[in-house]
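Worksheet: the structure to be examined is printed underneath.
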Amino acid sequence: KSLYNPDFGLINAAIRHISDLFHLVITPPEWLLSTKNVLGLDVEHVATTRAQWGLGARDAIIFMGIWMGIGGNNMLLYLAALTNVPPELTEAAEIDGANSLQTFRYIVWPQLAPTTFFILVMSFIGGLQGGFEQARVMTNGGPAGTTTTLSYHIYTKAFEEFQIGYASAVSWALFALIFVLTLINWRFGNREATY
């Protein structure tokens, strides 16, 4: 939250420094205080407007999610999977004259297919049910509801507005959606994960 502060946050300080260094006129975004977004979608109307184009709260949370997805658990899973690639296979590829790119493409990457499939399925599930922590801690679903995710919506309906039945129904609908889409992923994505 401090990184995205429009007055003294590190990101806007870096933007201002680059702007001064190269003599550019760049206005740093207001991040968590703004309803602007990369697509220029207007919050109040179902339309794209030039006034809404820019970086805002939704984009800040998306960037944070991408940053968390690149590092963290997924990287640990890939590192663990890399240790399970049999060295005999890479040695055989080197003896056969394969360069490093060919070794990665034809030996290492197929060995990482089950891990990649697992990460894709778990990321897909996390993407559908995730975002609660970021929305709650950083913006409380604001400004103007632009960062309200489905899980945060369920939370507010259940524990702030005490509409337990409605929140439970939305939760079951989310479960059914995740279940069906995971089965589809499992059916069509599992082909690449087998040796």
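Values quoted throughout were computed directly from the atomic coordinates according to the rules given, and no laboratory measurement underlies them. Bear in mind the structure is a predicted one, so any value in this text is a computation, not a measurement. When we count neighbours, we look across all protein chains shown, and the Cβ atoms used for this are built from the backbone with ideal geometry, even at glycine.
The charge dipole of the stretch 1-83, taken about its Cα centre with unit charges on the Cβ of Lys, Arg, Asp and Glu (plus for the first two, minus for the last two), comes to roughly 120 debye. Comparing S100, S34, S151 in a Gaussian network model of the chain (Cα springs below 10 Å), the most mobile by mean-square fluctuation is S100.
Once you divide the Cα radius of gyration of the stretch 136-195 by 2.2 N^0.38 Å, the number left is 1.55.
Here is how the number arises for the chain: DSSP H runs of 4 or more residues each give -39500 (n - 2.57), the sum is divided by the residue count, and the result at 222 nm is -16000 deg cm²/dmol.
Once Rg and Dmax of the Cα atoms in Å is worked out from the coordinates, which option in [x] 19.5, 67; [y] 22.2, 67; [z] 16.6, 50 does it equal? Only one listed value fits the structure, namely [y]. Each peptide among 84-93, 129-138 gets the average number of other Cβ atoms lying within 10 Å of its residues, and from highest to lowest they stand as 129-138, 84-93. Taking the Cα centre of the stretch 43-125 as origin and assigning +1 to Lys and Arg Cβ atoms and -1 to Asp and Glu Cβ atoms, the resulting dipole is close to 420 debye. Charge dipole (Cα centre; +1 on Lys/Arg Cβ, -1 on Asp/Glu Cβ; no other charges) of the chain amounts to roughly 380 debye. Annotation: extensible slack from F179 through N140 equals 11.3 nm (criterion: 0.36 nm per residue apart, minus Cα-Cα distance). Computed from the Cβ-Cβ distance with R0 of 30 Å, the FRET efficiency linking W172 to D42 stands at 0.40. The modelled label-to-label distance between N99 and T49, using points 7 Å beyond Cα along the C-beta direction, is 5.4 nm. Look at where the Cα atoms of the stretch 46-117 and of the stretch 141-155 average out, and the two centres are 29 Å apart.
Working from label points 7 Å from Cα in the Cα-to-Cβ sense, the R187 to N5 distance is 5.2 nm. Screening the chain for whole DSSP H helices with an alpha carbon extent of at least 18 angstrom along the helix axis and a mean Kyte-Doolittle hydropathy of at least 0.5 yields 57-70, 113-129, 164-189. Taking label positions 7 Å along the Cα-Cβ direction at both I125 and L89, the computed distance is 2.5 nm, reported to one decimal.
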